[in-house]
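Comments concern the structure below.
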Amino acid sequence: MQAFSIKPLLIAMTAAGTLGAATISQAEDPIRIGGIYILSGSAATYGEFAQRGIDLAVEEINADGGILGRDIEMLYEDSQGKASVAIQAARKLVFSEDAAALVGLDSSGVAQGMVPTMPSLQKPLIITHAATPDVTGELCNPFTYRISVNVAQNMKAAAMVAAETNATNWTTIGPDYAFGYQSWEFFGDYLKDINPDVNLMSETNFPRFGAEDFTPFIDRVMDSDAEGVLISVWGGDLVNFIRQANNRGFFDQGLELMFTVGAATEVLSALGDEMPEGVHLSTRYWYEGYDNDLNEHFVSAYMDAYDSPPSYNAQGAYSAIYAYKQAMEAAGTTDGSAVAEALSGMSMEAANGTVTFREGDNQAMVSPNWGVSGPMHSEHGIRTLTNLQIFEGESVARSIEETGCKL
């Protein structure tokens, strides 16, 4: 009778059991997504509102069965508004925390520094806020997408609004980094194309981001021949700017004033009736501007959860998580390269209508919103937007060739 050894069988059974347990464990592990936002300092409310939108999307998706049968788990890191910090945060999220994908970035300067590192991480990034055209332009790569309006799109819309005013001499007040300079450059170029007779003044104003005293720049504009002013100061800086401008009588000068992100509900909520009436305000999404079922659901769910109207940053972050759900389910995997490829050319329905990540530069075709600050909203405690104009994404987008993107 042949001797029978039970040891190999036990080894085989143990290996099979271990493999089965690992497979089950992997299937049950949550899909981790890393969020990198400014979570401290004068612009921290933007990170806070983005978290709100993301957490709402995650709660809804997980309650509906998750993605590929797995829950989403969010991991957040504070960029501190610094590119070096954001890069380290991205590496930590991918290599130490096993994040399958990334969302975020509030600052154009941070985006310019971080985006070139994305191919080395082999994970997709959806930018939900930072607006520099460079990241879907000359710095573009197959792993970087943007779901929000960029500077070029918004400034073409701004120029179309400005061209309808009587202002001839234009200057700017903007932050002393890419967002401020690029806003003025694109605005001026587009406005000159529409009306060659306008004068783009050489006396421009670029206070540092995080400045506490804007009065020298306010006074300089008031003492100039300016008739129109493009103001791209944002976040907590914009709140401080408005309050100091009120104290200086800036809004009594009869100037045409255009605030490139003035209708961010973070800013409007902080200011209340301190935001003056009758000035041009822009936002990447105005919560009362879209008549569709998804917007009705999003606004209602957000109001129920947070008792305040949603900002464009909350909406963009919310939509980014749903974009990953659609892309991962289309790819049938969370593999970074496969998900990035699935995002290319993908269209999705969102609160602000149909959003398409354009093949060739990965920039979403989305609609800038411009309006004029109106009376206080009786329920929400913020300025309303009157004369609201929603510009079609394709109508204000540059061609692929103009972007400089070469994927």
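Please treat every number below as a calculation from the coordinates, not as lab data. If you're wondering where the values come from, they're calculated on a predicted model, not measured in any experiment. Note that we place each Cβ from the backbone using ideal geometry, even for glycine, and neighbour counts take in every protein chain shown.
Result for the chain in a Gaussian network model with C-alpha springs under 10 Å: among Ala317, Ala301, Ala90, the largest mean-square fluctuation is at Ala301. Taking other C-beta atoms within 10 angstrom as a stand-in for reagent exposure, Lys325, Lys123 fall in the order Lys325, Lys123, fewest first.
Here's the picture: a label point sits 7 Å out from the Cα of Ala301 along the beta-carbon direction, and within segment 64-95 the residues with their amide nitrogen under 19 Å of it are 64-75. Of the GluC sites (Glu not before Pro) found in segment 182-246, the ones in coil according to DSSP and having at most 12 other Cβ atoms within 10 Å of their Cβ are Glu212.
Per-residue Cβ neighbour counts within 10 Å put Phe179, Phe206 in the sequence Phe206, Phe179, beginning with the fewest. Loop-resident GluC sites (Glu not before Pro) (DSSP state other than H, G, I, E or B) in segment 302-386 with no more than 10 further Cβ atoms inside 10 Å of their Cβ: Glu379. Once the Cβ-Cβ distance of Thr386 and Arg208 is raised to the sixth power relative to R0 = 51 Å, the FRET efficiency obtained is 0.95. In sequence order, segment 385-398 has phi-based couplings of 10, 9, 6, 5, 10, 10, 8, 4, x, 5, 6, 10, 8, 6 Hz under the Karplus curve 6.51 cos²θ - 1.76 cosθ + 1.60, θ = phi - 60°, and Gly or Pro positions carry x. From helices alone, the chain scores -13000 deg cm²/dmol at 222 nm; the rule is -39500 (n - 2.57) for each run of n ≥ 4 DSSP H residues, then divide by the residue total.
When the dipole is taken about the Cα centre of the chain, and only Lys, Arg (+1) and Asp, Glu (-1) are charged at their Cβ, what size is it in debye, to the nearest 20? Don't skip to the answer; put the middle values down first.
On the way: 21 positive and 53 negative charges, 275 e Å.
Charge dipole of the chain: 1320 debye, to the nearest 20.
If you wrap the chain in the convex hull of its Cα atoms and look at it from every side, the mean projected area works out to 22.6 nm².
By how many nm would the segment from Glu274 to His377 grow when fully extended, if each residue of separation counts as 0.36 nm and the alpha-carbon distance is taken off?
Values: separation 103, 0.36 × 103 = 37.08 nm, distance 1.33 nm.
Separation in residues times 0.36 nm, less the Cα-Cα distance, equals 35.8 nm.
Highest average first, the peptides 139-146, 306-313 ordered by how many other beta carbon atoms sit within 10 Å of their residues are 139-146, 306-313.
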